[in-house]
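Here is the structure we will look at, set down as structure tokens.
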Amino acid sequence: MTNLKLATLNDSGRTVVPVDSVRIGEGFTIIAGPCTVESEEQTIETAIAVKKAGADALRGGAFKPRSSPYAFQGLGLKGLQILKKAKAETGLPIVTEVIDSRDVFWVSEYADVLQIGARNMQNFSLLKEVGRSNRPVLLKRGMNSTIEEWLNCAEYILNEGNPHVILCERGIRTFEKYTRNTLDLSSVPAIKELSHLPVIVDPSHASGKASLVPALALAAVAAGADGLIIEVDIDLEKVRCDKEQTLTPTQFSEMAQKGRNLYQFMAAAQQ
Ligand code: PEP
Ligand code: MN
């Protein structure tokens, strides 16, 4: 791949991204939580449940890039304040999306990891701004993007001086309609041979179907992913955003256990 200077695999070894006491790229990391911060009760109860089930970090959107301008856009600052409370309650670091370069500085006060969503993967001014922040960045693959384009976007962030980029495969758009996207698991070993950056998988947005999430999560582990990001909510009846792909805490707990077991089995097999 041409033009990659900083994201490319080199002699310095693989990047480990520190997020509080979590080290992404070393061992297996599970990020879980609601699609969207909808209320304080929902977020804190979900945080407690995913922590109990073994999650390492809490996800939840306060700014939502919705396909329609009339859809719920997230709680904004109020959502970030709720995430801060959930962190105080559980100790889980917060992964949350930033959608505008003007918000990067102040959102960084609430976020432990800044998520760049699939729709913003090639928002170059946003990439440059998170590249100048002191927070790790979770860079989701654009739904219409090649692996090369995705790595070039990581390069934008690294080039601004932020070395802490985590890649996230979340599925790409194909002719298949049964699933929301098509999970391109080949990107996981491809990233491993091209780059030193950690790569995690989001089977929730990749499939759009809760029933498919556990199997795809295990497949991601088998493909060599450094972790998972999974949508989980305490009360599915009340969920306003991405309900069909959201797991209950019980389903998540079973999936996390199996995922960790498989990771350990694979680590032992590779010794
Ligand atoms: C999300 O993780 O909340 C999200 C919107 O995902 P994506 O950007 O991958 O669609
Ligand atoms: Mn979602």
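The values are calculated or read from the model by the stated rules, or taken from the named source; none is laboratory data. Predicted, not measured: the structure shown is a model, and the values here were computed from it. Counting neighbours? That spans all protein chains shown, and the Cβs are built from the backbone with ideal geometry, glycine included. Side chains are part of the model used for accessible areas, which takes the heavy atoms of the whole protein and leaves out ligands, DNA and RNA. Shrake-Rupley method; radii C 1.70, N 1.55, O 1.52, S 1.80 Å.
With the structure loaded, tell me whether Phe72 is at pLDDT below 95 and either open to solvent by less than 80 Å² (accessible area, probe 1.4 Å) or touching a His at 6+ places or on another chain (Cβ under 6 Å) (or both) or whether it fails that test.
Numbers: at pLDDT below 95: yes; either open to solvent by less than 80 Å² (accessible area, probe 1.4 Å) or touching a His at 6+ places or on another chain (Cβ under 6 Å) (or both): yes.
Considered against the rule, which asks whether it is at pLDDT below 95 and either open to solvent by less than 80 Å² (accessible area, probe 1.4 Å) or touching a His at 6+ places or on another chain (Cβ under 6 Å) (or both), Phe72 comes out as yes.
Output the residue which, of all residues in segment 198-210 that are surrounded by 18 or more Cβ atoms within 10 Å (Cβ to Cβ) and more than 13 Å from ligand 1 (Cβ to nearest atom), is farthest from the chain's Cα centre (by Cα). Reasoning before the result, please.
Restricting attention to segment 198-210, the residues satisfying the condition of being surrounded by 18 or more Cβ atoms within 10 Å (Cβ to Cβ) are 198-207, 210.
Within this subset, residues satisfying the condition of being more than 13 Å from ligand 1 (Cβ to nearest atom) are 198-199, 210.
Values: Pro198: 11, Val199: 9, Ala210: 17 Å.
Taking the candidates together, the pick is Ala210.
Checking Val213 against (1) open to solvent by 50 Å² or more (accessible area, probe 1.4 Å); (2) touching a strand residue (DSSP E or B) at 6+ places or on another chain (Cβ under 9 Å), which test does it fail?
Unmet condition: (1).
Of the numbered conditions (1) buried (at least 22 other Cβ atoms within 10 Å of the Cβ); (2) among the acidic types (Asp, Glu); (3) closer than 22 Å to Arg240 by Cα, Asp56 satisfies every one except a single condition; which is it?
(3)
If you go through segment 233-248, how many residues are surrounded by fewer than 18 Cβ atoms within 10 Å (Cβ to Cβ) and away from ligand 1 (no atom under 16 Å from the Cβ)?
If we filter segment 233-248 for residues that are surrounded by fewer than 18 Cβ atoms within 10 Å (Cβ to Cβ), which is where we start, we get 235-238, 240, 243-244, 248.
From what is left, the residues that are away from ligand 1 (no atom under 16 Å from the Cβ) are 235-238, 248.
Matching residues across segment 233-248 total 5.
Which condition from (1) within 15 Å of ligand 1 (Cβ to nearest atom); (2) touching a strand residue (DSSP E or B) at 6+ places or on another chain (Cβ under 6 Å) is the one that Ala47 breaks?
The number of the failed condition is (1).
List the number of the failed condition for Ala47; all other conditions in (1) more than 21 Å from Gly259 (Cα to Cα); (2) more than 15 Å from ligand 2 (Cβ to nearest atom) hold.
(1)
Would you please list the contacts, defined by Cβ atoms under 7 Å and residues six or more apart or on different chains, that run from a residue in segment 16-40 that is farther than 15 Å from Asp242 by Cα to a residue that is polar (S, T, N, Q)?
Partner pairs satisfying both residue conditions: Val22/Thr29; Gly25/Thr15.
Out of (1) within 16 Å of ligand 1 (Cβ to nearest atom); (2) open to solvent by less than 50 Å² (accessible area, probe 1.4 Å); (3) free of Cβ contacts under 8 Å to residues at least 12 places away in the same chain, what's the single condition that is false for Ala267?
Unmet condition: (1).
Would you check if there is a residue in segment 212-232 being more than 16 Å from ligand 1 (Cβ to nearest atom), free of Cβ contacts under 8 Å to residues at least 24 places away in the same chain, farther than 26 Å from Glu176 by Cβ and not in a strand (DSSP E or B)? Show your work before the answer.
Taking segment 212-232 first, the residues more than 16 Å from ligand 1 (Cβ to nearest atom) are 214-215, 218-219, 221-224, 226.
Next cut, free of Cβ contacts under 8 Å to residues at least 24 places away in the same chain only: 215.
Now restrict to residues that are farther than 26 Å from Glu176 by Cβ: none.
No, every residue in segment 212-232 fails to be more than 16 Å from ligand 1 (Cβ to nearest atom), free of Cβ contacts under 8 Å to residues at least 24 places away in the same chain, farther than 26 Å from Glu176 by Cβ and not in a strand (DSSP E or B).
Filter segment 23-48 down to residues that are farther than 19 Å from Gln81 by Cβ, of a type in the set (Gly, Ala, Ser) and open to solvent by less than 20 Å² (accessible area, probe 1.4 Å), then give me how many there are. Working first, answer last.
Filtering segment 23-48 for residues farther than 19 Å from Gln81 by Cβ gives 23-32.
Of the ones still in play, those that are also of a type in the set (Gly, Ala, Ser) are 25, 27, 32.
Applying the additional criterion that residues be open to solvent by less than 20 Å² (accessible area, probe 1.4 Å) yields 32.
Adding up the residues that qualify gives 1.
Note down all Cβ pairs under 9 Å where the first residue falls in segment 235-255 and is within 20 Å of Ala215 (Cβ to Cβ), the second is within 11 Å of ligand 2 (Cβ to nearest atom) and open to solvent by 40 Å² or more (accessible area, probe 1.4 Å), and they're at least six residues apart or on different chains.
Pairs that qualify, where the first residue is within 20 Å of Ala215 (Cβ to Cβ) and the partner is within 11 Å of ligand 2 (Cβ to nearest atom) and open to solvent by 40 Å² or more (accessible area, probe 1.4 Å), are Leu236/Lys243; Glu244/Arg180; Gln245/Arg180.
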